[in-house]
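As structure tokens, the structure follows; a few thoughts come after it.
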Amino acid sequence: MPTFHFYPIDITYRIVSGKPVIYLYGRTKDGQRIAVADRFDPYFWAIPQKKSVKERLENLSGEKDGESYSVTSVEEKKKRLLGKEVEALKVTVSQPKDVPLVRELIREWDDIQSVHEADILFTRRYLIDKKIIPMTLVVVEGEEGREESRIPVIAATAIRPAEDEETMKGLGILAVDIETYYPKGKGIDMDNNPILMLAVHGETISRVITWKRFATKRRSIEFVQDEAALLHRFREIVLEEQPDIITGYFSDGFDLPYIKRRAEKLKVNLDIGADFSGISLKKGMDTESKITGIAHFDVIKFVRGGLRTSIATDSYSLNAVASKLLGETKHEVELDDLAEVWDKRPEKLEPYCDYNLQDALLTYQLAEKLLPNLTELVKLIGLPLQDCNRMSFSQLVESFLLRKEGEFDEIAPEKPTEHELAKRRKVRLQGAFVHEPTPGLYHDLAVYDFRSLYPSIIASHNISPDTVREADTLEEGAFVVREEKVAYSTAKKGFIAAVVEEVITRRMRVKDILKKKKDPFLEARAMMLKILANSFYGYLGFPSARWYSFACAASVTALGRRYITETIEKAEKAGFKVLYSDTDSIFLSLQGKSKAAAKKFVDDINEHLPGLMELEYEGFYPSGIFVSAKDNKGGAKKRYALLREDGSLVIKGFEAVRRNTSVIAKEVQEHVLKAILEKADDKKALNYLHGVIKGIREKKLAVEKMVIRTRLTKPISSYDAIGPHVAIAKQMKGKGIDIAPGAIIRYVVTTGGGRIRDRAKLPEATKQSEYDADYYINNQIIPAVEKIFEVFGHTKEELLGKGAQMRLLEF
DNA sequence: TATAGGCATACGAGAGGACATCC
DNA sequence: CGATGTCCTCTCGTATGCCT
């Protein structure tokens, strides 16, 4: 029997002669594309009330809506449900579609207590049970069958993961980007507006295909007869290139669905899938586009999803993300004019082709850059790239737990019912502790952080839904969280606590190796492990989670508060002055002590911390400033600025780092903070401020500096309070511009009376003489710097330059 | 088909008061 | 002189976007 070593990339199933067959698509070690077909039977778990139900289950079959269903076998297994031993029944049915049918049926039975894991997708069940991890080497025994397929199909007789967990390398990526006919002011219309150009970029290809001829020397531009020919060429290129991954930027919702629709319209057969299928769409809240046998990597879904917390950007445009991750900004063209240029001035199309190709290139580079992260996620979670690409944090955790539960003989708890969900949503979880700072300018600060505070609490105190006990438990050694009136058994490692501990220790090992040698793949692994570890606490408090536990989530934060306040007390006892603290960080004033003493402080703390918990010395800062809150009720939390030893600034919470503040106010605030932190030079900062105010009054500043950007978070019609950005969004909609939730609205406030929203205008339609100087001075600049100058005793009048005049008047 | 909570701030909505005007 | 309308001030709720 021949043996194949191959890396699976995609998975699907089909019913063959009435039986479900799994198809794994991938590439062999020597680069051949193959598919592997394997028989597998769908099943789920039932916990019986009485053992006698087994026989009734075994004989269950019938018909519903003309489709027959049947239970093929029932097996008794000892399992655990939240740590408690149960006699579970493994109910195997004949087809995946029988699973929901049979579940609904038997759920009503009196002798069935509960039904579990019936909602786990068939292909995922297969991967978990066979311990197969996509993009990781698998050994298959079997013969090549005679199926109709683009690539050889091996009928597996045996399949297992390879001994060494070798990861797939050298994947072929093909980036796709289209430009479409899009008349000004009209919405997207896939039925009537053709694709004008299509760019592809891969390792061996970089080309734009378009169907209007113009004179050009670009060898990258290829002309074809018409749109149908363009689609034919796209098909040809995909088949020639045989990519493992097709990538795009929002290609889930735009490029691929558009290509699909146009191909249908023009009757072009886009049979690019390994099984001759085309692009398939999974419609929902947002569309997912899929091609059998090829993984579809939509870069925006990954950047906005799993990597959201690790990549700081206030915009998810291709341009913004590329400049953040690649340090490149693209060359823009006026896309709004494309339709007109196409119709009337085709000789001017070249820049559009360049732009199109550039987008494909940037997307390719982004995919290449992020592939190590996505690959690590695939290896960690064990689901195909297509799925890991689109996962939310809760799905990430849950998929990981489902992969791990077998090691603990656990069965997943059921998803909450609507009623249970409503109940969970009602309770609110107390969060972290934030220490109120005393406003002022400080020198010589040391900053400390608990390393992965919440995950380390979970692991170190065995916090897990299966270890929760009553506070007055008599269980020996149980750890009591008095704040929440619960305790945690220490007799046996809890499922989630053990899993979190494993993630933390794996990350520590990777970090250790990285200290000796740089490695982008290990960097990516460390990053994904951190993201995963940090997601568990939120998951425990997430109402829709299977392993939801209010007690656990509340205990984690309670212990977080306990540890941070204890550390604050110890710092004060050690002679430091505590300036600020938020959740897991502490800012100390050295009070004349040495940096060495500051570094040593962590040892005193760590000596008494349990398990994996650790306080880290984050760094020394020559100066830092905290300001009072607007209402003057004390120091403002989550707003501060620090000066690093290398001269750079750390600004948190201030307008300078907020999107919905005008450019000018951000600039002024940052400038003032810098002057004050570097040299405590408030006089110089004041002079600068007066200069800017004068410039604004005299209308010497560009409109662009006055632009305020605000995100529209919901449909325009559902707003109760109509703010300036909503008013502008309404105007834009009136002009036929497509405005959807998530859009960033830009506006400038112009002169006049009344509400601000009535004076807001689109920046493009605003002249430099029109912006409202008073608004920008009184509502933007002054609020941004007032509290900073207040630290030096400067009043608002002084800031406005009125101080001197008043003194003259008095005199 | 939302991982969690804590917090600052801006602006509109709406109530209530001062004041002017009109009959 | 009371009824009515306008404008201003104040409080509160809504909305956004940050921090950990």
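Brief remarks on what is shown
- Between A:R213 and A:K735, full extension at 0.36 nm per residue minus the direct alpha carbon distance yields a gain of 184.7 nm.
- Eligible lysines near A:K51 by straight Cα distance, threshold 25 Å, same-chain separation 8 or greater: A:K77, A:K78, A:K79, A:K84, A:K90, A:K415
- Gain upon complete extension [A:K577, A:E67; 0.36 nm per residue less C-alpha separation]: 176.3 nm
- Too-long pairs where the Cα-Cα distance tops 20 Å, listed order kept, from A:K577/A:K637; A:K267/A:K348; A:K683/A:K796: A:K267/A:K348
- Hits among aspartates and glutamates - C-alpha to C-alpha of A:K492 under 13 Å, sequence gap 8 or more where chains match: A:D466, A:E475, A:E476
- Cβ-derived FRET efficiency at R0 25 Å, A:N632 paired with A:H443, nearest 0.05: 0.50
- Dipole-positive endmost among A:G538, A:A46, A:V578 within chain A (Cβ charges, Cα centre): A:V578
- With the simple spin-label model, which puts each label point 7 Å out from Cα in the Cβ direction, the A:Y688 to A:A702 separation comes to 2.0 nm.
- Cα centroid separation - segment A:277-353 against segment A:177-234, whole Å: 15
- Magnitude of the charge dipole for segment A:173-380, about its Cα centre and with charges confined to Cβ atoms of Lys, Arg (+1) and Asp, Glu (-1), is about 120 debye.
- Environment charge at A:I47 (Cβ cut-off 9 Å; Lys +1, Arg +1, Asp -1, Glu -1): 0
- A 1.4 Å probe run over the protein chains yields, for segment A:442-524, 50 Å² of accessible area per residue, whole-number rounding.
- Charging the Cβ of each Asp and Glu at -1 and of each Lys and Arg at +1, and nothing else, the dipole of chain A about its Cα centre rounds to 2060 debye.
- Counted residue by residue at 0.36 nm each, then reduced by the alpha carbon distance between them, the extension gain from A:K485 to A:S648 reaches 54.1 nm.
- Three-way shape call for chain A based on the alpha-carbon gyration tensor, with the a/c threshold at 1.5: oblate
- Note on segment A:173-380: dipole from Cβ charges, positive end direction compared against A:N269, A:V238, A:Y352; the farthest Cα belongs to A:N269.
- Against the criterion of solvent-accessible heavy-atom surface with a 1.4 angstrom probe, A:E117, A:E203, A:E334 sort, most first, into A:E203, A:E334, A:E117.
- When a 1.4 Å probe is rolled over the protein heavy atoms, the share of accessible surface on chain A that falls to carbon and sulfur comes to 49 percent.
- Rough spin-label spacing in nm, given labels placed 7 Å along Cα→Cβ, for A:D189 and A:E340: 1.8
- Net charge of Cβ neighbours under 13 Å - reference A:A487; Lys, Arg +1; Asp, Glu -1: -3
- The modelled label-to-label distance for the pair A:L281/A:T565, using points 7 Å beyond Cα in the direction of Cβ, is 5.5 nm.
- Euclidean distance between Cα centres, segment A:728-789 to segment A:612-628, Å: 37
- Links that overshoot a 21 Å alpha carbon limit, given the list A:K423/A:K493; A:K283/A:K733; A:K705/A:K767: A:K423/A:K493; A:K283/A:K733
- Cleavage-rule hits (trypsin sites (Lys or Arg not before Pro)) in segment A:12-77: DSSP loop, at most 15 neighbouring Cβ within 10 angstrom: A:K29, A:K50, A:K51
- Summed over the residues of segment A:696-811 and divided among them, the accessible surface reaches 54 Å² per residue at a probe radius of 1.4 Å.
- Per residue, the accessible area of segment A:3-161 comes to 48 Å² when a 1.4 Å probe rolls over the protein heavy atoms.
The values are calculated or read from the model by the stated rules, or taken from the named source; none is laboratory data. Just so we're clear, the structure is a prediction, and the values are computed from it rather than from any experiment. Methodologically, a virtual Cβ is constructed for each residue, glycine included, from the backbone with ideal geometry; neighbour enumeration extends over all protein chains shown. Ligands, DNA and RNA are stripped out before the accessible areas are found, and what is left, the full protein with its side chains, is counted by its heavy atoms. Shrake-Rupley method; radii C 1.70, N 1.55, O 1.52, S 1.80 Å.
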